[in-house]
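See below for the structure under consideration.
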2 protein chains.
Amino acid sequence: MTVRMLLNEDEIPRQWYNLAADLPTPLQPPLGPDGNPVTPEMLAPVFPMNLVEQEVSRERWIDIPEEVLDLLYRWRPSPLHRAKYLEAVLDTPARIYYKNESLSPAGSHKPNTAVAQAWYNKQFGVKKLATETGAGQWGSALAFACSLLGLECKVFMVRISFDQKPFRKIMMETWGANCIASPSDQTQAGREILAKHPHTPGSLGIAISEAVEAAVTDPAGETRYSLGSVLNHVVLHQTITGLESKKQLEKFGEKKVDVVIGCAGGGSNFAGLAFPFVLDKINGAEIDIIPVEPFSCPTLTAAPFVYDHGDTAKMTPLLPMFSLGHDFIPPPIHAGGLRYHGMSPLVSQTVVEGLCAPRAIHQIECYESAVLFARTEGIIIAPETSHAVAAAIQEAKKAKEEGKEKVIIFNLSGHGLMDLTGYQKYFDEELFDYALPEEDLQRSLKALEGLPKPSLAKTGRW
Amino acid sequence: MTVRMLLNEDEIPRQWYNLAADLPTPLQPPLGPDGNPVTPEMLAPVFPMNLVEQEVSRERWIDIPEEVLDLLYRWRPSPLHRAKYLEAVLDTPARIYYKNESLSPAGSHKPNTAVAQAWYNKQFGVKKLATETGAGQWGSALAFACSLLGLECKVFMVRISFDQKPFRKIMMETWGANCIASPSDQTQAGREILAKHPHTPGSLGIAISEAVEAAVTDPAGETRYSLGSVLNHVVLHQTITGLESKKQLEKFGEKKVDVVIGCAGGGSNFAGLAFPFVLDKINGAEIDIIPVEPFSCPTLTAAPFVYDHGDTAKMTPLLPMFSLGHDFIPPPIHAGGLRYHGMSPLVSQTVVEGLCAPRAIHQIECYESAVLFARTEGIIIAPETSHAVAAAIQEAKKAKEEGKEKVIIFNLSGHGLMDLTGYQKYFDEELFDYALPEEDLQRSLKALEGLPKPSLAKTGRW
């Protein structure tokens, strides 16, 4: 029985899908510090205008440039697997499929947007990209992409991860990037923090501030900033995974999909798989679409839909999204890529609309699921991905209870070979489940006071 | 332009190729301690009889069981890539191809034989496999395979690697294997060493002794030993890579191959790619076939063709092979998988026959090549694989000098994400090139005194 469906180069999708064209209620604009909408020109020092145009585009289908396809062909189309060994152990009538994004050279879905962003920047004459990275997945992917395109790349890596995960830094350097611990003495923002807190472990918020500063203060004007999730153009680039998956499901003989699942930190791997199915749902299909997040960082399941900054230092515009507050510091779970206070505005809007039904899962259940997956399907997944697997297992069990032959698909967003410590702690019974006390949430939401409020308009059709 | 050629499930080779059927002079038998040929029955406590039959088979084509194919389909057929970005930087008229074996769940070619061995053992009623591992590639692969087949797996990992590479151990445990540092107190061999040398860093020789002992002393008789390279049946299972590659080269439109390259430690990844081309050479094709080894462990390029033990403790039969002597301790290069004193008897015989032309390359040139490969083709390769890449680059430069449009293919045997320390040392200029002083070689070859000598018969046709 076929367990792995491939596509040839000539079957790759040649356009990205832009959900912003089809949202029942239009996406609300990002706002500046004065409460007025941010104009494309205001973003010009940060991003190249060709990507800013994508960010604000309402076109449904956006052509993937031939040269970007050439870059993607190195590892795409990626396989869609049938999880028949997991199904057998669960004794479920459900058929479970997973899109395997772990086979990219950087080991995750991140290069899908990294190579596109690097290409658009290069087209625009940019010579150097600056970015931040937490656990290192995004920094590795952008280093890889810049290497292929001959761009310089500077990655500000959160100090504690820089010290704890030296191998990620080596990956980036092997691809020619310059990876430095943040806070650093290379930016005003970094120097100020270091003066006050010389031994700080750093934070994603500080690293974003340094990367944006490095971009906008380049005296030659040849540097821009690059972000690995959250924004519309990033999510757009990821839709290739969902579009490929639809072709592959068809080749598997599936006519209907019942459940679509992805883990959600900033939202891009979830959106990449899910948005082409969200379009089907808008057009009348019955599909359960589930972004999965950690119980300890419950952005979509416990936080309000608000206008908030994307970073702790409040350097970014205000985005309409679910947010735990830009001061929120999530507990130290191993899924570093899901430890984010906000969420992609596009994903947020699908939740407001009722098109998606988010779910939060505890860390230990995620690791239980990851170990079962490794011992059935054979792949050791990233801690982030384990949230998607845990939800898929929940859905497969539900299908068994209901006696229904459901079709479930999830995004296997990355392998876990660079993040094995969490598995060790799981085996040693040293992992914890963290819940977020209501009073802590309320305290963190105080950071939102005085900020504008987005409209909660929704069609109510789902 | 197509840079990655896939094959569908129905295009997978359904038979392995056994070069022993076509060698111009027959393979000489392994010998026991008494100097007499080892009989299949003598191997019964160590290996299951179905694998012993493969080990001694002279059939040219051996069917791959359907159930083994089902296991391989999880990641096979693997892609064949055209290295057009590397070609461009080298400005070579050569067309360079690489078989990408780094995409298996364990990250290398090793699972090709691990799943086959685990399956044959299970068929034979074996419940548990014991093996040794140095750097951890083979232990991980066998843990993966045993997990898929529901076999118990015990891996004796050389103490120094066990301590230096904790992530490999976590991989094995995630797949349910029991990984213990060797020497251990679980075997007589281990206890004796520990009594004498309580702080020994261990060695592959000791670990083999412990694994074989664990197999043959199981009171229930349900344990067997498994080896990841060197032996005929292991090499046989790897030929699927060369057979797939031939189909893929044809799809790329190539009618002729000029150069075939693989790194060689025990010889299995080299042989897997090369042996189907060796058959072409026996049948008259002009092909340069190059096993590549470290300059510091020059088995094929500097050692004699002898009868020697496969392990330091002299527990294995005597094999007819090139050997630096079973006492030889290679310098601490990063390509742990190539630090072996001997070589597959089949590979050795192709060298005796002049069918293959081995080459030794220094460590620093290998890392230079690996970094160039990462920054052109985008894949961070294992230190072992860097030897194949270095030779491919040498050959591409030679083709440029000669002005010839050669077709070069090499085996990308594994990714380097679990072995990044060597890259860091390369960037920090802390790597060394090690040559083997003639007097050290002569000292190590003393271990061969008194052992029987193999025939050096060769047809001299190549």
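Criterion first (of a type outside the set (Asp, Glu) and open to solvent by 30 Å² or more (accessible area, probe 1.4 Å)) does A:Phe252 satisfy it?
yes
Looking only at the range B:425-455, filter to residues that are open to solvent by less than 60 Å² (accessible area, probe 1.4 Å) and more than 20 Å from B:Ile361 (Cα to Cα); which one of those is nearest to the other protein chains (Cβ to nearest Cβ)?
Checked the range B:425-455; the qualifying residue nearest to the other protein chains (Cβ to nearest Cβ) is B:Ser444.
Kindly indicate whether B:Thr113 is part of a loop (DSSP other than H, G, I, E, B), in contact with a helix residue (DSSP H, G or I) (Cβ under 8 Å, 6 or more places away or on another chain) and closer than 30 Å to B:Glu395 by Cα. Give the steps one after another, and end with the answer.
Values: part of a loop (DSSP other than H, G, I, E, B): no; in contact with a helix residue (DSSP H, G or I) (Cβ under 8 Å, 6 or more places away or on another chain): yes; closer than 30 Å to B:Glu395 by Cα: yes.
Here the answer is no, as B:Thr113 does not meet what is asked.
Could you identify the single residue in B:Pro332, B:Pro317 that is without any contact (Cβ under 8 Å) to a residue 40 or more places away in the chain and not β-branched (Val, Ile, Thr)? Talk me through it step by step, then tell me what you get.
Values: B:Pro317 fails: without any contact (Cβ under 8 Å) to a residue 40 or more places away in the chain.
Of the residues listed, the single one that is without any contact (Cβ under 8 Å) to a residue 40 or more places away in the chain and not β-branched (Val, Ile, Thr) is B:Pro332.
So which residues in the range A:359-386 are open to solvent by 10 Å² or more (accessible area, probe 1.4 Å) and more than 14 Å from chain B (Cβ to nearest Cβ), if there are any at all?
A:Arg359, A:Ala360, A:His362, A:Gln363, A:Ile364, A:Glu365, A:Glu384
Among the listed residues B:Arg58, B:Arg76, which satisfies the condition of being away from chain A (no Cβ under 14 Å) and of a type in the set (Lys, Arg)? Explain how you work it out, then say what you get.
Numbers: B:Arg76 fails: away from chain A (no Cβ under 14 Å).
Going through B:Arg58, B:Arg76 in turn, the sole match is B:Arg58.
If we keep just the residues of the range A:157-182 that are away from chain B (no Cβ under 14 Å) and aliphatic (A, V, I, L, M), which is most open to solvent (accessible area, probe 1.4 Å)?
First pass over the range A:157-182, keeping only residues away from chain B (no Cβ under 14 Å): A:157-161, A:163, A:180-182.
Within this subset, residues satisfying the condition of being aliphatic (A, V, I, L, M) are A:157-158, A:160, A:180-181.
Working: A:Met157: 0, A:Val158: 11, A:Ile160: 77, A:Ile180: 28, A:Ala181: 13 Å².
Here the answer is A:Ile160.
Is it the case that some residue within the range B:146-155 is away from every other protein chain (no Cβ under 14 Å), on the phi < 0 side of the Ramachandran plot and not in a strand (DSSP E or B)?
The first filter runs over the range B:146-155 and keeps only residues away from every other protein chain (no Cβ under 14 Å), leaving B:154-155.
Narrowing the set further to residues that are on the phi < 0 side of the Ramachandran plot leaves B:154-155.
With the extra rule that they be not in a strand (DSSP E or B), the set shrinks to none.
No, the range B:146-155 contains no residue that is away from every other protein chain (no Cβ under 14 Å), on the phi < 0 side of the Ramachandran plot and not in a strand (DSSP E or B).
Is it the case, given these coordinates, that A:Met171 is farther than 17 Å from B:Ile380 by Cα, out of contact with any Phe, Trp or Tyr (no Cβ under 6 Å at 6 or more places or on another chain) and not assigned by TED's automatic domain parsing to the domain that holds A:Glu384? Step through it out loud before you land on a result.
Numbers: farther than 17 Å from B:Ile380 by Cα: no; out of contact with any Phe, Trp or Tyr (no Cβ under 6 Å at 6 or more places or on another chain): yes; not assigned by TED's automatic domain parsing to the domain that holds A:Glu384: yes.
So A:Met171 does not fit the description; no.
Out of all the residues in the range A:208-215, is one or more among the hydrophobic types (A, V, I, L, M, F, W, C) and open to solvent by 30 Å² or more (accessible area, probe 1.4 Å)?
Quick first cut of the range A:208-215, residues among the hydrophobic types (A, V, I, L, M, F, W, C) only: A:208, A:211-212, A:214-215.
Among the residues that remain, those that are also open to solvent by 30 Å² or more (accessible area, probe 1.4 Å) are: none.
No - not one qualifying residue is present in the range A:208-215.
State whether one or more residues within the range B:226-245 are within 13 Å of chain A (Cβ to nearest Cβ) and either under 18 Å from the mean Cα position of the chain (by Cα) or open to solvent by less than 10 Å² (accessible area, probe 1.4 Å) (or both). Even if it seems obvious, please write down each step before you answer.
Initially, the range B:226-245 is screened for residues within 13 Å of chain A (Cβ to nearest Cβ), giving none.
No.
Within the bounds of the range B:127-150, is there any residue that is closer than 22 Å to B:Ala391 by Cβ and either of a type outside the set (A, V, I, L, M) or free of Cβ contacts under 8 Å to residues at least 40 places away in the same chain (or both)?
Initially, the range B:127-150 is screened for residues closer than 22 Å to B:Ala391 by Cβ, giving B:135, B:137.
Pick out the ones that are also either of a type outside the set (A, V, I, L, M) or free of Cβ contacts under 8 Å to residues at least 40 places away in the same chain (or both) and you get B:137.
Yes - at least one qualifying residue is present in the range B:127-150.
If B:Glu132 satisfies all but one of (1) open to solvent by less than 20 Å² (accessible area, probe 1.4 Å); (2) over 19 Å from the mean Cα position of the chain (by Cα); (3) charged (D, E, K, R), what's the number of the condition it fails?
Every listed condition holds for B:Glu132 apart from (2).
May I ask you to list the residues in the range A:409-424 that are of a type in the set (S, T, N, Q) and within 14 Å of chain B (Cβ to nearest Cβ)? Walk me through it before giving the result.
The initial filter retains those residues of the range A:409-424 that are of a type in the set (S, T, N, Q), namely A:411, A:413, A:421, A:424.
Those that are of a type in the set (S, T, N, Q) and within 14 Å of chain B (Cβ to nearest Cβ): A:Thr421, A:Gln424.
For B:Ala106, all conditions in the list (1) outside any loop (DSSP other than H, G, I, E, B); (2) crowded, with 24+ Cβ neighbours inside 10 Å hold save one; what is the number of the exception?
The number of the failed condition is (1).
Given the criteria open to solvent by 10 Å² or more (accessible area, probe 1.4 Å), of a type outside the set (A, V, I, L, M), away from chain B (no Cβ under 12 Å) and without any contact (Cβ under 8 Å) to a residue 24 or more places away in the chain, does A:Asp185 qualify? Before you say what the answer is, go through the steps one by one.
On the way: open to solvent by 10 Å² or more (accessible area, probe 1.4 Å): yes; of a type outside the set (A, V, I, L, M): yes; away from chain B (no Cβ under 12 Å): yes; without any contact (Cβ under 8 Å) to a residue 24 or more places away in the chain: yes.
Answer is yes for this residue.
Taking the range B:320-335, which residues are of a type outside the set (Ser, Thr, Tyr), open to solvent by less than 20 Å² (accessible area, probe 1.4 Å) and either in a loop (DSSP other than H, G, I, E, B) or under 19 Å from B:Val212 (Cβ atoms) (or both)?
B:Met321, B:Leu324, B:Gly325, B:His326, B:Pro330, B:Ile333, B:Ala335
Being under 25 Å from B:Val115 (Cβ atoms), open to solvent by less than 10 Å² (accessible area, probe 1.4 Å) and assigned to a helix (DSSP H, G or I), is that true of even one residue in the range A:404-416?
Within the range A:404-416, not a single residue is under 25 Å from B:Val115 (Cβ atoms), open to solvent by less than 10 Å² (accessible area, probe 1.4 Å) and assigned to a helix (DSSP H, G or I).
Could you go through the range B:274-284 and let me know if any residue there is open to solvent by 30 Å² or more (accessible area, probe 1.4 Å) and among the aromatic types (Phe, Trp, Tyr).
Taking every residue of the range B:274-284 in turn, none turns out to be open to solvent by 30 Å² or more (accessible area, probe 1.4 Å) and among the aromatic types (Phe, Trp, Tyr).
From (1) within 14 Å of another protein chain (Cβ to nearest Cβ); (2) surrounded by 18 or more Cβ atoms within 10 Å (Cβ to Cβ), pick out the condition that doesn't hold for A:Asp70.
Single failed check for A:Asp70: (2).
Is the range A:33-48 home to any residue that is more than 14 Å from chain B (Cβ to nearest Cβ), within 22 Å of the chain's Cα centre (by Cα) and outside any loop (DSSP other than H, G, I, E, B)?
Of the range A:33-48, the ones more than 14 Å from chain B (Cβ to nearest Cβ) are A:33-48.
Now drop any that are not within 22 Å of the chain's Cα centre (by Cα), which leaves A:43, A:46-48.
With the extra rule that they be outside any loop (DSSP other than H, G, I, E, B), the set shrinks to A:43.
Among the residues of the range A:33-48, at least one is more than 14 Å from chain B (Cβ to nearest Cβ), within 22 Å of the chain's Cα centre (by Cα) and outside any loop (DSSP other than H, G, I, E, B), which makes the answer yes.
Of the residues B:Leu243, B:Leu273, which single one is in contact with a helix residue (DSSP H, G or I) (Cβ under 7 Å, 6 or more places away or on another chain), in contact (Cβ under 8 Å) with a residue 40 or more places away in the chain, more than 24 Å from B:Ile361 (Cβ to Cβ) and in a helix (DSSP H, G or I)? Even if it seems obvious, please write down each step before you answer.
Numbers: B:Leu273 fails: more than 24 Å from B:Ile361 (Cβ to Cβ).
Matching residue, one of B:Leu243, B:Leu273: B:Leu243.
Can you tell me which residue is surrounded by the most Cβ atoms within 10 Å (Cβ to Cβ) among those in the range B:21-35 that are modelled with pLDDT of 90 or more and in contact with a Pro (Cβ under 9 Å, 6 or more places away or on another chain)?
B:Pro30
The values are calculated or read from the model by the stated rules, or taken from the named source; none is laboratory data. These numbers come from a predicted model, not from an experiment. Because the Cβ atoms are built from the backbone with ideal geometry, glycine has one as well, and the counts that use them run over all protein chains shown. Accessible surface is based on the protein model in full, side chains and every heavy atom, while ligands, DNA and RNA are left aside. Shrake-Rupley method; radii C 1.70, N 1.55, O 1.52, S 1.80 Å.
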